[in-house]
Each structure stands twice: as structure tokens, then as C-alpha cells.
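What follows is a set of notes on a single structure, which appears directly below.
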Protein chains: 2
Amino acid sequence: MVRTKKEKASTRIPRKDQIEIIATDLFKERGFAANSMRDLASAVGIEAASLYSHVQSKEELLHTICFKMAHDFFEAIEKSENKTATYPDKLQELILAHVSIILRNVAAAVVFQNEWRHLSEPYLSHFLELREQYETRLRILIQEGTEAGEFIPTDAKFITHTLLSSLNGIPQWYVPDGELTPENIADLFLNGFKTTKN
Amino acid sequence: MVRTKKEKASTRIPRKDQIEIIATDLFKERGFAANSMRDLASAVGIEAASLYSHVQSKEELLHTICFKMAHDFFEAIEKSENKTATYPDKLQELILAHVSIILRNVAAAVVFQNEWRHLSEPYLSHFLELREQYETRLRILIQEGTEAGEFIPTDAKFITHTLLSSLNGIPQWYVPDGELTPENIADLFLNGFKTTKN
DNA sequence: CCTACCGATCGGTAGG
DNA sequence: CCTACCGATCGGTAGG
């Protein structure tokens with residue numbers, strides 16, 4: 001079994017991306033701390049030392065995964081804030097975007113959700129800042145919509161936390177090849193948040 | 001600083017329990033895999049080797065934490081099933097019990113939620129069995145209540161997963177010394193699940 | 001509950 | 001991308 005040619009499938013995507021994808025999957029499955037660089041290397045099909053030609057450190061991988069997701073979520077909330085629309089429409093757009101980001105890369109979403117605490121400073125602080133910002137701005141969206149009479153009055157803090165927990169819990173039950181689209185899921189979330197007059 | 005007497009506070013609870021409590025806190029904070037027995041020993045104030053006089057292995061600690069919680073949750077659902085009451089009342093009781101179990105030991109709830117995957121077989125399979133049982137029985141409660149016309153018709157699977165994600169997400173935002181009681185939180189969850197005629 | 005220690009494995013580097 | 005290797009740390013044991 002001598003490999004005389006490069007295989008097409010493996011040369012399609014750059015090694016660095018391939019490493020990141022496999023790392024995301026491993027971190028999702030057993031966590032950042034429980035996966036060694038040797039585990040990763042073996043899953044990629046190279047030696048552990050060779051990983052360091054493409055990646056500076058184990059934490060760099062985690063950092064990349066977490067901040068890519070954070071960036072996507074942040075973009076989504078800014079987009080919804082800047083939209084000229086009713087609050088229910090803004091919320092609907094944000095929920096759809098949030099769901100879509102998660103479903104686009106479920107493994108990365110799980111790592112983002114569960115493994116950020118293994119980031120070291122100053123990344124950890126930065127990450128938590130972004131996360132709190134997102135929460136705060138979602139809460140404000142709900143508060144303003146409620147004050148405008150476009151949502152049923154609720155405890156905005158509670159609803160925000162509950163909604164986020166539910167959204168971020170999607171990977172726990174979502175079946176990748178099931179019949180549910182991001183739009184379907186977003187719709188399910190929206191029922192109960194619109195005013196009854198709608 | 002020679003310790004000539006045993007201090008009262010530290011002799012109050014058995015060492016084994018103390019180790020378990022501190023382990024729960026460490027596992028909650030940085031995960032099972034990222035905490036070493038030396039970390040635990042140092043937090044307890046003894047040498048690593050001394051832990052093994054009280055505990056068989058690192059995993060035994062995780063096992064104890066996870067299955068204690070699983071047992072409590074299981075007891076709660078059985079109690080609610082056996083109660084003669086309307087479905088909304090059954091659900092209310094279950095939600096209150098679930099919230100109470102989480103708030104009674106937030107750290108253990110977080111470990112239960114996040115660290116079970118580090119259990120080895122056959123414990124892992126057993127754990128997942130219990131977990132699925134709980135989910136299934138909650139879903140059935142909601143389905144039966146809906147068929148009985150006591151809940152607004154919804155997608156029972158979706159509602160079950162969403163409710164559980166929200167409940168299990170409580171530790172992410174709950175402030176221990178805040179003004180919210182388990183009853184307050186359970187009430188917040190119940191709005192939206194009762195029929196409008198109520 | 002401690003000292004002393006085991007083999008295994010960790011993240012990462014040197015040098016090619 | 002590999003071989004060879006580093007010091008540090010891991011879970012756990014022996015023997016007291």
C-alpha cells in the first residue's frame with residue numbers, strides 16, 4: 001500500500017482546514033481537555049509533531065472555533081438591530097439567523113457552547129464580553145418590543161436566558177438528516193413570542 | 001503553625017463527603033478531564049495519594065455525582081406520574097421538582113449536564129438510558145395532557161427538548177442569593193404551557 | 001494520611 | 001511531514 005499519488009478528496013481542502021474540522025468534531029465529542037494532539041493527529045492521519053506545521057498550539061484550534069462562532073452570532077444581532085421592521089420581525093430574523101448558524105456547523109456550535117472555559121486570558125475575557133453583549137442586546141430587543149406593545153409582557157431577563165438555552169440546546173436533539181429546516185425550527189420558537197393579536 | 005487540635009468546622013462532615021463536594025465544584029468549573037487528582041487533593045488540603053483512602057478512582061467521583069442527580073430526577077418524574085391530578089398540575093409539580101433539584105446543588109447539576117460523557121462503560125450506557133427515559137416520560141406527559149385538551153396543542157417533542165434545555169440552563173444565569181425561589185422560577189416556566197382557559 | 005515512586009501520556013521542540 | 005526527544009504531569013500503588 002504505497003501512496004504514489006495524492007488522493008483527490010484529501011487535496012480538496014487545505015490541511016489546516018481539515019485539521020480544524022476534525023478537531024472541532026473531537027472537541028465536540030469528548031471535550032477539549034480530554035483530546036490530545038496525538039488523538040487529533042491520528043484522526044487526521046499524520047504524526048502529532050506534524051500538526052505544528054499547520055497550527056501553533058492546541059489552544060489556537062479552540063480559539064479559532066470559538067471566535068468564528070462568536071463572530072457569526074455577533075453579525076446576526078447587528079443585522080437584526082439595523083433592520084427597519086417590527087420587533088417580532090426583528091426577533092424572528094435573529095432567531096432564524098441563530099438557528100441557521102448552529103445548524104450550519106453543529107459541532108462548532110457545541111464546542112462554542114461547552115469548551116470556551118478552556119480558553120486562556122486574554123481570550124477568555126474577550127469571549128465572555130462578546131457573549132454578554134449578545135445576551136444584553138437580545139434582552140433589549142425583547143424589552144423594547146414589549147414596551148412598544150408588540151410582545152406579550154414577560155420577564156425579559158428570564159425569557160432571554162430561556163430562549164438562549166433552548167436555542168443553544170438544539171444540537172442535543174437535532175437530527176441532521178431529519179425533515180426540519182432552520183426555518184421550521186425558527187417558526188417553532190416564534191410561536192408564543194408574538195402578540196396574540198397577530 | 002502546628003495543628004494541635006482538629007478544627008470543628010472541618011470535622012463536621014466526613015472527609016469523603018467533603019472530597020465529593022469539592023470535586024463537584026472543580027468539575028463544574030473546569031470540567032472532569034481538566035482537573036487532576038492533585039488539583040482536587042490540593043483543594044481539599046491533603047496529598048493526592050491520600051484521596052485514594054476515601055475514593056477508589058477519579059471516575060468514581062464523577063459516577064457518584066451523575067447518578068445521584070439522575071436518581072433525584074427519576075424520583076421526581078415517578079412521583080408526578082403517580083399523582084392524581086390534571087396534566088397541568090402534574091407538569092407543574094414536575095417542573096417545580098426539577099428546578100428544586102437543580103437549585104439544591106447547582107454544581108452537581110452542571111456536572112450532571114456536562115460531564116457524563118466521561119463516564120466509561122457500562123455506566124455510560126446506564127446513564128444515557130436513564131436520561132432518555134426521563135425525556136420520554138416527560139414527552140408522554142405532555143402528549144397525554146394535550147390529547148386530554150389540557151394543554152395548547154404543540155409539537156410535543158420540540159416542547160420537551162426546549163423545556164429541558166431551558167431547565168438545565170438555569171445554572172447559567174441563576175444568582176444563588178437572588179430573590180428568585182424555585183417556586184418563582186417554576187411559575188415562570190408554567191406560563192405558556194397552561195391552556196388559555198385557565 | 002504521608003513519602004516515594006510507577007509507567008503512561010501530555011503539549012510541544014529540534015532538526016531534518 | 002517525520003523521527004527522536006524534552007520536561008511536566010497524569011492516575012494510581014506500595015508500604016508504612
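The values are calculated or read from the model by the stated rules, or taken from the named source; none is laboratory data. On a predicted model such as this, the values are computed, not experimentally measured, just so you know. No Cβ is skipped: glycine too gets one built from the backbone with ideal geometry, and neighbour counts run over all protein chains shown.
Only a single item in (1) within 18 Å of A:LEU141 (Cα to Cα); (2) crowded, with 19+ Cβ neighbours inside 10 Å is not met by A:THR84, and it is number (2). Could you list, in sequence order, the residues of region A:38-70 that are surrounded by fewer than 18 Cβ atoms within 10 Å (Cβ to Cβ), within 12 Å of DNA strand D (Cβ to nearest atom) and part of a helix (DSSP H, G or I)? The answer is A:ARG38, A:SER42, A:ALA48, A:ALA49, A:SER50. If you go through region A:12-37 and pick out every residue that is at pLDDT below 95 and surrounded by 11 or more Cβ atoms within 10 Å (Cβ to Cβ), you end up with 1.
For (1) surrounded by 15 or more Cβ atoms within 10 Å (Cβ to Cβ); (2) at positive phi; (3) at pLDDT 95 or above, each residue gets a yes or a no:
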site	(1), (2), (3)
A:ILE95	yes, no, yes
A:ILE101	yes, no, yes
A:SER120	no, no, yes
A:LEU163	yes, no, yes
A:SER166	yes, no, yes
A:GLU179	no, no, no
A:ASN191	no, no, no
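Only residues that are of a type in the set (Gly, Ala, Ser) and closer than 10 Å to A:PRO171 by Cβ were counted in region A:84-107, giving 1. Under the condition of being touching an Asp or Glu at 6+ places or on another chain (Cβ under 9 Å) and among the aromatic types (Phe, Trp, Tyr), the residues counted in region B:72-106 number 1.
Applying the selection to region B:75-104, what residues are among the polar types (S, T, N, Q) and over 10 Å from the mean Cα position of the chain (by Cα)? If the condition is that a residue be among the polar types (S, T, N, Q) and over 10 Å from the mean Cα position of the chain (by Cα), then B:SER80, B:ASN82, B:THR84, B:THR86, B:GLN92 are the ones that fit.
Checked against the criterion of being farther than 19 Å from A:GLU115 by Cα and within 8 Å of DNA strand C (Cβ to nearest atom), region A:52-69 contains one or more residues that satisfy it. Against the criterion of being within 10 Å of another protein chain (Cβ to nearest Cβ), in a helix (DSSP H, G or I) and small (Gly, Ala, Ser), A:SER100 does not qualify. Residue selection: B:LEU91 satisfies the criterion of being away from every other protein chain (no Cβ under 14 Å), of a type in the set (A, V, I, L, M) and at negative phi. Taking the residues in region A:29-51 that are more than 7 Å from DNA strand C (Cβ to nearest atom) and hydroxyl-bearing (Ser, Thr, Tyr) as candidates, determine which candidate is farthest from the chain's Cα centre (by Cα). Going through the qualifying residues, I end up with A:SER50. For A:ALA85, state whether it is away from DNA strand C (no atom under 16 Å from the Cβ), modelled with pLDDT of 95 or more and assigned to a loop (DSSP other than H, G, I, E, B). In short, yes.
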